[in-house]
Amino acid sequence: SLYAYPQSQVRLTQSLTRHHKRIMTKLAMNDPWLKPYEERIRRRMEFTHARERSITQGGDIPLEQFADGYLHYGLHHDKEKGCWILREFLPGAQSVHLIGSFNNWQTMSVWKLKRVDDYGNWEICISDKAMRHGDLYRLFIHWDYGSGERIPAWATRVVQDPSTGIFSAQVWAPEDSYTFRHARPARTEEPLMIYECHIGMSSEEGKVSSYREFQETVLPRIIDLGYNAIQIMAIQEHPYYGSFGYHVSSFFAPSSRFGTPDELKALIDAAHASGIKVIMDLVHSHAVRNEVEGLACYDGSRTLFFHEGPRGDHPAWDSLCFDYGRNNVIHFLLSNCKYWLEVFKFDGFRFDGVSSMLYYNHGLGECFTSYSDYFNGHQDADAMAYLTLANKLIHSVYPDAITIAEEVSGMPGLAAPIEDGGFGFDYRLSMNIPDFWTKLITDHPDEEWSPGAIWYELTNRREDEKTISYAESHDQALVGDKTLIFRLADADMYWHMSRSSRTLITDRAIALDTLLRLATATTMNGGYLNFMGNEFGHPEWIDFPREGNGWSYHYARRQWSLADNADLLYHDLQEFDRAMVRFIDSVKTFPSLHIEQYHIHEEDKTLAFGRGDYLFVFNFHPTCSHVDYPINVPEGAYTVVIDTDCKAFGGYGLIDYSLIYATQPAEKAGTAACPALAPLRLYLPARTALVLKRNTNN
């Protein structure tokens, strides 16, 4: 059995090898400040190696095979035997019955599961004539001190009765199940431009939208804007719609409130057909407290999946925390990763709540002001091992897969290769950037904005780890918070976003919103992310139906008509986003282009930097427009590619695109590798940014 090995932490003394003792971690070599902690980094690597050997029986079972749990557990149809086979792991159960619409929800001996070993595996074989596509079912379990109904942990389809609100697993075996027609887009060096989205709230109508509607109405918009990846939230089944999908109950079931599994497959396939990668927002950091619908007290005990006592409770999220030291938990979660990759052809995952996983206190109340905060013994070795093994598995199953860590503490090595001493994520979210923009807009008038501080926050990252930069995500759009443009324009967002009624407040909001987005996107070192609707400055927060708002869907939707109305500034913001995204996407090696700061002037509020043959110049000054403003840049002739003051972007069209800006003679000669810097004189209107391309032939 996969669960025959110890369920607690593996003794490190069993894993120490001469190889691990000899190696020097590249992570510490790249960052001398990590040198004092290199031994602890090695011990983490050794612990992970020992953990892998434990679950793979000393390496006899490949990690990919270990993660095949979804092929064994749950409900499966055996065509050769002409039967349905249901298997579940329930070590605390004394008896287990299958109940459902096919037996009037009664516990009957003919529907009783058999315990097949001493580890806690149960199964039942049922004639395929007894159960049909669409039938509903649950388990009825007896344990030492009681009994209760449970939805199977490995269920791949879960539905809710619209009249009673009760959730049940559902037999899903349509005769015309969807077959993928298109290959996944190959991974390249191009910038990862992510459109973060939520299926349910993607309609303009006040309702729960569907996979099919999203494919037909929203996906074409994303393609037109130029994004090359979508990141879909709330895929895993969750009982409460208002949880935004973060209180997961059934980890293998795509949410039925948005449609069928086949419709989700069709959406992913359609995205692939257009060269769009599909990333899933994966929640392995915690689980909902629900018992019937979820994993809590699944076999009568809490400890089958979660820690006992306070360690198993997340104080901020009102949810349960996995015990990553248990083999069955790692088996369940790794199998979950492989399941979504193999069955639904997702291109990768954004791992939610990684900080919560890494630390015993979930990172709450920690400042993380020094490297010692990452190596003070407050870290969960089991969770770190799981995250590392998850990345190893994902990239083994699908080498072009993308993994992104949502992690706020700044744990070193998170997005570094496993062999270098890292955790193996491809990217980490730059979560400092949206917090910085929010604080800057809220606490400081324009006159106090510092180009130096802006540059520092946008480029403050580890050189050996790729990041996803973003000005705001869904977090900043939730009720109780405000989007950036809502903070800038406030009530004028409702009354003065027409070109005919614009005010100084909306002018300022439009100008600064485009400035900060351009600065965020063009300083990336891996990718850029935007949440659905923010590209056109969606005017209202997100508030899912709940008792406090009368269960209204009014704020759980997207008003696409605002972006489609050419008379509104919302339309102009969308046009800017399209131009910016398409420009970055056209420079295929953009993230790898060296970024060079050429100019910062605090009093003038100006910033200039270059990447390859492109020059980015920002004037954050609220009132002062600079004429013939000199900036030392590589020699050449420059033409304007984008300017934020363009009339099409809600500006006033003060920049002349027909002009060629040539540098003056340089004082010193340069080389091909290091071009000489020479003065370039530009007209920089207040609150305007320019993107220029250098032509070395002129």
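The values are calculated or read from the model by the stated rules, or taken from the named source; none is laboratory data. Given the structure is predicted, the values throughout are model-derived calculations rather than measurements. Backbone-built Cβ (ideal geometry, glycine too); neighbour counts: all protein chains shown. To get the accessible areas, we keep the full protein, side chains included, count just its heavy atoms, and leave off ligands, DNA and RNA. Shrake-Rupley method; radii C 1.70, N 1.55, O 1.52, S 1.80 Å.
Observations
- Percent antiparallel among DSSP beta bridges (both partners in the chain, rounded to 5): 70
- Look at (i) 61; (ii) 43; (iii) 34: the one that is percent of Cα pairs over 41 Å apart derived from this structure is (iii).
- Spin-label pair residue 495-residue 29: with each label point 7 Å from Cα along the Cα-Cβ axis, the two points sit 6.4 nm from one another.
- Rolling a 1.4 angstrom probe over the protein heavy atoms with all chains in place gives region 31-181 an accessible area of 52 Å² per residue.
- Solvent-accessible area of residue 505 with every protein chain in place, 1.4 Å probe, in Å² to the nearest 10: 80
- Mean-position separation - Cα centroids, region 305-325 and region 478-557, in angstrom: 35
- Calculated [θ] (222 nm, deg cm²/dmol) that DSSP helices of n ≥ 4 give over the chain, each run adding -39,500 (n - 2.57): -7000 deg cm²/dmol
- Amide hydrogen neighbours beyond the local backbone of residue 359, cut-off 5 Å, H modeled: 380
- Distant-in-sequence amide contacts of residue 546, defined by a placed amide H-H separation under 5 Å and a gap of 5 or more residues or a different chain, comprise 551, 552.
- Taking all protein chains as they are arranged and a probe of 1.4 Å, the heavy atoms of residue 504 leave approximately 150 Å² accessible to solvent.
- FRET E, pair residue 586, residue 342, Förster distance 22 Å, beta-carbon r, rounded to 0.05: 0.10
- Whole-Hz ³J(HN,Hα) from phi, Karplus 6.51 cos²θ - 1.76 cosθ + 1.60, for region 643-649, glycine and proline x: 9, 6, 8, 4, 4, 5, 9
- Nearest-ten-degree value, helix 381-397 long axis tilted from longest Cα axis of the chain: 80
- Distance violations [Cα-Cα > 22 Å] among 265/392; 265/338; 26/392: 265/392
- Contact order normalised by residue count of region 461-620, Cα under 8 Å, 6+ apart, percent: 21
- Inter-probe distance in nm under a simple model that places probes 7 Å from Cα toward Cβ, at residue 639 and residue 40: 5.5
- Along principal axes, Cα extents of region 104-174, largest first, whole Å: 37, 29, 22
- Rounded percent of accessible protein surface that carbon and sulfur make up, region 347-413, 1.4 Å probe: 54
- On the basis of the beta-carbon distance and an R0 of 22 Å, residue 628 and residue 456 show a calculated FRET efficiency of 0.20.
- Annotation: amide H-H contacts under 5 Å for residue 95 (H modelled 1.01 Å from N, sequence separation of 5 or more, or interchain): 142.
- Size of electric dipole in the chain: Cβ of Lys, Arg +1 and of Asp, Glu -1, about Cα centre, debye, nearest 20: 1580
- Contact order relative to length of the chain, as percent, for alpha carbon pairs under 8 angstrom and 6 or more apart: 11
- Region 493-507 - phi-based ³J(HN,Hα) in whole Hz, Karplus 6.51/-1.76/1.60, Gly and Pro as x: 4, 8, 10, 9, 9, 8, 4, 7, 10, 4, 10, 4, 5, 5, 4
- 3J(HN,Hα) along region 205-214: 6, x, 7, 8, 7, 10, 4, 5, 5, 4 Hz, from the Karplus curve 6.51 cos²θ - 1.76 cosθ + 1.60 with θ = phi - 60°, whole Hz, x for Gly and Pro.
- 10 Å Cβ shell holding at most 10 others, DSSP loop, GluC sites (Glu not before Pro): longest site-free stretch of the chain: 206-462
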